[in-house]
1. Could you please tell me which pairs satisfy a Cβ distance under 7 Å, a separation of 6+ or placement on different chains, a first residue in segment 637-651 that is more than 19 Å from Gly598 (Cβ to Cβ), and a second residue that is of a type in the set (S, T, N, Q) and crowded, with 21+ Cβ neighbours inside 10 Å?
2. Out of everything in segment 300-330 that is open to solvent by 20 Å² or more (accessible area, probe 1.4 Å) and part of a loop (DSSP other than H, G, I, E, B), what residue ends up being farthest from Thr597 (Cα to Cα)?
3. Just to be sure I understand, how many residues within segment 515-525 are at pLDDT 85 or above and open to solvent by 20 Å² or more (accessible area, probe 1.4 Å)?
4. So which residues in segment 376-393 are assigned to a loop (DSSP other than H, G, I, E, B) and open to solvent by less than 20 Å² (accessible area, probe 1.4 Å), if there are any at all?
5. Given Ala373, Ala333, Ala350, Ala337, which one is at pLDDT 95 or above and either outside any loop (DSSP other than H, G, I, E, B) or of a type in the set (Gly, Ala, Ser) (or both)?
6. Here is a list: Gly466, Gly460, Gly435, Gly441. Which entry is modelled with pLDDT of 85 or more, over 22 Å from Thr591 (Cα atoms) and open to solvent by 40 Å² or more (accessible area, probe 1.4 Å)?
7. I'd like the full set of residues that are part of a loop (DSSP other than H, G, I, E, B) and farther than 16 Å from Val611 by Cβ, limited to segment 654-665.
8. Going through Glu175, Glu199 one at a time, which residue ends up being closer than 20 Å to Asp217 by Cβ, open to solvent by 10 Å² or more (accessible area, probe 1.4 Å), touching a residue at least 24 places away in the same chain (Cβ under 8 Å) and acidic (Asp, Glu)?
Amino acid sequence: MAHPPLRRRRRIAAVAATLGMAWLVVPLATAPAAHAAVTHVANPFVGATPYLNPDYVSEVGAQATADGGTLGTAESKVAGYQTAIWMDHIGAIAGDSTHLGLQAQLDDAVAAGDNLFEVVIYDLPGRDCAALASNGEIPATAAGLTEYESQYIDPITAILGNSKYSNIRIAAVIEPDSLPNAVTNQSKPACQTATPYYETGVEYALNKLHAIPNVYDYLDIGHSGWLGWSSNMNPAAQEFAKVAKATTAGAASVDGFVSDTANTTPLDEPFLPNSTLQVGGNPLDSAKFYQYNPEFDEHHYDEDMHAALVAQGFPSSIGMIVDTSRNGWGGSARPTALNSTPTTVDAYVAANKVDQRPFRGDWCNVNGAGIGARPQAQPYGSSDPIIAFIWVKPPGESDGDYPTATHTHGDPHCDPNGTQTDGNGGTYPTDAIPGYDIPAGQWFAAQFQQLVTNAYPTLGASTGGGDTTPPSVPTGLTVTGTTATSVSLSWTASTDNVGVTAYNVYRGSTKVATVTSGTTYTDTGLTASTSYSYTVTAQDAAGNVSAASSAVTATTSASGGGGGSSGCTATYTVSSDWGSGFNANVTVTNTGTAATTGWKVSWTFGGNQTVSNMWNATDTQSGASVTATNQSYDGAIAAGGNTSFGFGATYSGGNAVPTLTCTAS
């Protein structure tokens, strides 16, 4: 199945700085060598004092004063939250008459005593190869790569490496949209040309930035509506690993990954927790809005991408961050309770999704969006891979204008009267806010007013807005069964003033699952004759998390000589079926206690199905019998982790789901 290149934009400066650049060519080696005493913490957002960009604070203040009243009061609160500072062109390093340069911003942070500074590194050669509104200034050529390294990265790292900033935790968001384009948009000649420069440029940036101990590097991973398909997620994890492992420090050069940058995909879809739920005989992810993408929201996408990244060699401690600046989707259109009446997947999804876009690929100045969760460290607790919510995109800055006689650099996706296609023959409106044509990066008053009005949680509190009440503590946690390699649990549902959206299950201090449907869970891949302790917490849509339940202890049974150290299961799902052919996905889960070195999945079709092509596995078929064996890059699955492969096939007659057998080594 062809997947559309779903996109989203950030700001781009309209003009280059007019200030001289001579002072910026200070070599990095001249920075005082006082870095040895700097402690590189696990999560820089915990316990930090955030720096507020005075340029943005001024823009917000002016708008709040102009609007006044209740709206102005709500708008003024936005100025109190940290936003990232964009180095989106070479001139931004020095600054101009209306925007402070990087050194001036850091000096302000020192003077204010703030120790958390967020900066976006965003000027690769051939930047944003699949779009127009945010194309960059540097061409995708060898000379452009030299320019990027010597005139952009080197001056930035020379400033960041100055020892007077060594007490500031500098969180760097690395090149939004770059490596995801290298995964999904290779059909575009511009992306084919740009990809090697993306990979080499990001590698260079990581080497330079990682050498500064108080800098924390976060690679952009797109969002769930872009890389959520298994056929995109695993190749993306491989691409990120490829670039990271090419650096001097390898995977250690990356502190984490950031998703949803400048996009509006919601954190959670509270009334659509199960993408495989059957409605009218079809899974929810078959709805036109999702196009068989099982990742409905950023929370689950980040958790699943985390697992894919760990499988590619990144440490399990790698941190995930979500940009929540514009993904709140509040206001009167937001559903407040489950509507179970619709009998088709499209109607069911439309009635229950909080994401109000008509097409998930809409990205430019999206109409109806709202500010999302406030910046916060450890929003789901210290054991969750999501280590922070941050605001990368400053709310109220335009994504871009559309092509006119005066705006030749515009993007058709920003035209409120335009349309776009999904790659499968569907045509949708751009969903840009009607009546406006604001160049990228410029203040967009109407957008800011809308984002504040539709904020969810509503503006008014530091973390939860209108909802700051956590769910009640789960009670009645009970062990309902054990085997040599598993423990089954159940508990009594929590209550909440708005609604419980999920439960987090912990084995000791390690979170092993997020349960979004029901109050039971089976923990697999355990060791025989071993005791384990479990607790459960509840969470709501605003990110409030309850205290942990009382702990229970379970002891797995003896293995009976079988060991229980290795094993796997395989789950088969038909993702699309057009009568004479179909696509299927298979998820392989390691149920053992140690990482696999390889796996094999076998089955026998009940009809005349014939595999025509397979990805992420090597297939052999003899008659109705099929065997799929891992590729060299996906044979290693961490204990409790999973990977997936898929295939296309032809058939006539019936297409029953076969029984799968999985073996692991």
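The values are calculated or read from the model by the stated rules, or taken from the named source; none is laboratory data. Since the model is a prediction, treat every value here as computed from it, not as a measurement. As a convention, Cβ positions derive from the backbone with ideal geometry for all residues, glycine included, and neighbour counts pool all protein chains shown. Ligands, DNA and RNA are excluded from the accessible area calculation, which covers all protein heavy atoms including side chains. Shrake-Rupley method; radii C 1.70, N 1.55, O 1.52, S 1.80 Å.
1. Ala649/Gln609; Tyr651/Gln609
2. Ser317
3. Result for segment 515-525: 5.
4. Hits for segment 376-393 are Pro379, Tyr380, Asp384, Trp391, Val392, Lys393.
5. Result: Ala350 is the single residue among Ala373, Ala333, Ala350, Ala337 that is at pLDDT 95 or above and either outside any loop (DSSP other than H, G, I, E, B) or of a type in the set (Gly, Ala, Ser) (or both).
6. Numbers: Gly466 fails: modelled with pLDDT of 85 or more; Gly460 fails: modelled with pLDDT of 85 or more; Gly441 fails: open to solvent by 40 Å² or more (accessible area, probe 1.4 Å).
Of Gly466, Gly460, Gly435, Gly441, the one residue that is modelled with pLDDT of 85 or more, over 22 Å from Thr591 (Cα atoms) and open to solvent by 40 Å² or more (accessible area, probe 1.4 Å) is Gly435.
7. Gly654, Thr659, Ser665 - these are the residues of segment 654-665 that are part of a loop (DSSP other than H, G, I, E, B) and farther than 16 Å from Val611 by Cβ.
8. The unique qualifying residue is Glu199.
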